[in-house]
């Protein structure tokens, strides 16, 4: 199965699972926590024994967030010591930042930051979902039970028992997590809690390290466009399915191949209209960018060359073109080769887009004009997953 078709079918199945949950969000705001901001600082204490050796981990951690959790940073800095048959000490340092739908993962060993996009989070933010009770909901799903109350860092909290874990929650925020198992004990306990106070900007600051951007990453503007278009397309689909008497609340409901095609065509209709209008502009902008990059040795000029392409991609809601211009012009051949592959795909897609008026036909057209290997090497533009 081609990459295009796999992505469309995945998108279709994902749509069908969320259709019933897309009711209006009213005037709510997106929430991952029941308070607008917070800074929680933890002490980490882990001990374990096994035949021939023992381990001990000591450290600190922090959880900081604002905008009800739309922006969040988690960091852990600890030292693990092993003694026994062999002795070893190693430092463990992790950091993850979420800024709306953008995720930064710091690899301190490789001295690199990885930047990706969480599309499910984009959708939750667009729908203004209230996920502030997610911790308790998950605990209950795992058959957890409330076993008492306690006080941690000056805050009252409910104690929940889940298998070998005890979690003390204040308004859904974990203040203490304890795990007790044979020959193993772990406790993460809040020492200081500050809630509903402005969080200093430096609390969200990432280390000054090179950032590697995922090739499928989209800018905030493109992600917002894509998500808004997608939700509007889902509403269009809801109306069509309702007019056909299909009830997706029924777990036994199934779709015929014709109905599945209707789903694909309805979801792709808005994006296809944009493709017809913008793909010719995108191709011209990319050809101009390629010529511009080929004709300069300056990294800042090369970076500016690609900006018109990314502005059109933002209108489409498509991924952003990311190249490492810090190594330019040494890596220019690789950049030009990537642009050539993308141009070849866009030209095939543009031809199919202007021949057909349904997304399913565009998919079949591009599959017939690109081999499987070519489709896997470039990013599909026939659909907007």
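Computed from the alpha carbon atoms alone, the convex hull of the stretch 237-305 holds 152 Å³ per residue. Take every pair of alpha-carbon atoms less than 8 Å apart whose residues are at least six positions apart; their mean separation over the length of the stretch 209-331 yields a relative contact order of 41 percent. The long axis of helix 220-243 is offset from the longest Cα principal axis of the chain by roughly 80 degrees.
For the stretch 44-191, the square roots of the Cα gyration tensor eigenvalues, ordered a ≥ b ≥ c, give a/c of at least 1.5 with a/b no greater than b/c, which places it in the oblate category. Between 92, 60, 125, the Gaussian network model of the chain with springs among Cα atoms under 10 angstrom shows the greatest mean-square fluctuation at 92.
Dividing the helix sum by the residues of the chain, where each DSSP H run of 4 or more adds -39500 (n - 2.57), gives a mean residue ellipticity at 222 nm of -13500 deg cm²/dmol. Highest GNM mean-square fluctuation among 291, 326, 50, for the chain modelled with Cα contacts below 10 Å: 50. With the simple model of a label 7 Å out from the Cα in the direction of the Cβ, residue 146 to residue 195 spans 1.5 nm. Using C-alpha pairs under 8 Å with a sequence gap of at least 6, the mean separation divided by the residue count of the stretch 38-204 gives a relative contact order of 23 percent.
Full extension of the chain segment joining residue 296 with residue 50 gains 82.5 nm, where the gain is 0.36 nm per residue of separation less the Cα-Cα distance. Between residue 128 and residue 307, the distance separating the two model label sites (each 7 Å from Cα on the Cα→Cβ line) works out to 3.4 nm.
Relative contact order, whole percent, for the chain stands at 16, derived from Cα pairs under 8 Å and 6 or more residues apart.
For the chain, modelled as a GNM whose springs connect Cα atoms under 10 angstrom apart, the maximal fluctuation among 64, 106, 46 occurs at 46. Scaled against 2.2 N^0.38 Å for its residue count N, the alpha carbon radius of gyration of the chain is 1.19.
Against the chain, whose longest principal axis is taken from its Cα atoms, helix 299-316 shows a tilt of about 80°. Seen against the Cα atoms of the chain and their longest principal axis, helix 332-355 is set at about 60 degrees.
Each value in this text was obtained by applying a stated rule to the coordinates, not by laboratory testing. As the structure is a computational prediction, the values presented were derived from the model and not from experiment. Backbone-built Cβ (ideal geometry, glycine too); neighbour counts: all protein chains shown.
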